[in-house]
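Quick note: the coordinates plus some simple rules give every number you see, no bench work behind them. The shown structure was predicted, so the numbers you read here are calculated from the model rather than taken from an experiment. Neighbour counts are summed over all protein chains in view; Cβ atoms, including those assigned to glycine, are modelled from backbone coordinates with ideal geometry.
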Amino acid sequence: MMLNSNHLLLLLCSYLQQRAANDKSFSYEVVIVDDGSKDGTKRVAFDFVKKYGVDNVRVILLGKNHGKGEAIRKGMLHSRGELLLMLDADGATKVTDLEKLENQIHAVVRKDYHPGDSAAGEATFRISDIPIVAFGSRAHLEEKALATRKWYRNFLMKGFHLVVLLAAGPGIRDTQCGFKMFTRSAARKLFTNIRLKR
């Protein structure tokens, strides 16, 4: 896992640095949350701070393991950006796909929020003030995964999908994808109210 995380961080920081070099209005920060790991994550994280600078890479040390939910919550609440990306360290999604999530959020803003609307406020508004979330999905890979899983895992997965459909409604096919983008407003509303840490 450590090697994957290190490789993913390198890809992420290189991509973001190149994007910032090509677009002077683009800025970024990477927040690494170390949830009490004992595998050298802290050392790797601080190496990235040294390489990319404290303005671009920050490390939050939780001291002891509180669980993934708490690590995500802390990271989101300490983030300073207008758009906040949650990215699992397993490398299951391409870093460049974050542009797809950005485009979806901007499409919602163009469609539903126009300067002067009561929902948007004044003639000028910041995208970070509008609560929007974009979810990544690996649902298009489901057929390939079905062929490689045991029958009972497929049965449990289909049952879980049914529960999600009943609870959240249609349109959300992959709730477990660790690739989600939030506007600052959406993140503040969601993550200040999370109570489960695991």
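With θ taken as phi - 60° and the Karplus curve 6.51 cos²θ - 1.76 cosθ + 1.60 applied, the whole-hertz 3J(HN,Hα) list for the stretch 51-57 is 6, 9, x, 5, 6, 9, 10 Hz, x standing for glycine and proline. From most to least packed by mean Cβ count within 10 Å, the peptides 19-27, 189-197 give 189-197, 19-27.
With a simple spin-label model that places each label point 7 Å from the Cα along the Cα-to-Cβ direction, the separation between residue 152 and residue 99 comes to 4.5 nm. By the Kirkwood approach, averaging reciprocal distances over each pair of separate Cα atoms, the stretch 1-94 gets a hydrodynamic radius of 13.8 Å.
Using the reciprocal of the averaged 1/r over all distinct C-alpha pairs, how large is the Kirkwood radius of the stretch 40-112 in Å? Intermediate results must be reported in sequence, preceding the final value.
Working: mean 1/r = 0.0688 Å⁻¹.
Every distinct Cα pair counted, the radius reaches 14.5 Å.
What is the extension gain from residue 198 to residue 42, computed as 0.36 nm multiplied by their sequence separation minus the C-alpha to C-alpha distance, in nm to one decimal? Working shown, then result.
Details: separation 156, 0.36 × 156 = 56.16 nm, distance 2.08 nm.
Stretched fully, the residue 198-residue 42 segment lengthens by 54.1 nm.
Taking θ as phi - 60° and the Karplus parameters 6.51, -1.76 and 1.60, the scalar couplings of the stretch 76-91 work out to 5, 6, 9, 6, 10, x, 7, 10, 10, 9, 9, 9, 5, 7, 7, x Hz in sequence order, x denoting glycine and proline. Derived scalar couplings between HN and Hα for the stretch 92-103 equal 6, 10, 6, 4, 5, 5, 4, 5, 5, 5, 4, 4 Hz in order, rounded to whole Hz, by the Karplus curve 6.51 cos²θ - 1.76 cosθ + 1.60 (θ = phi - 60°), x for Gly and Pro.
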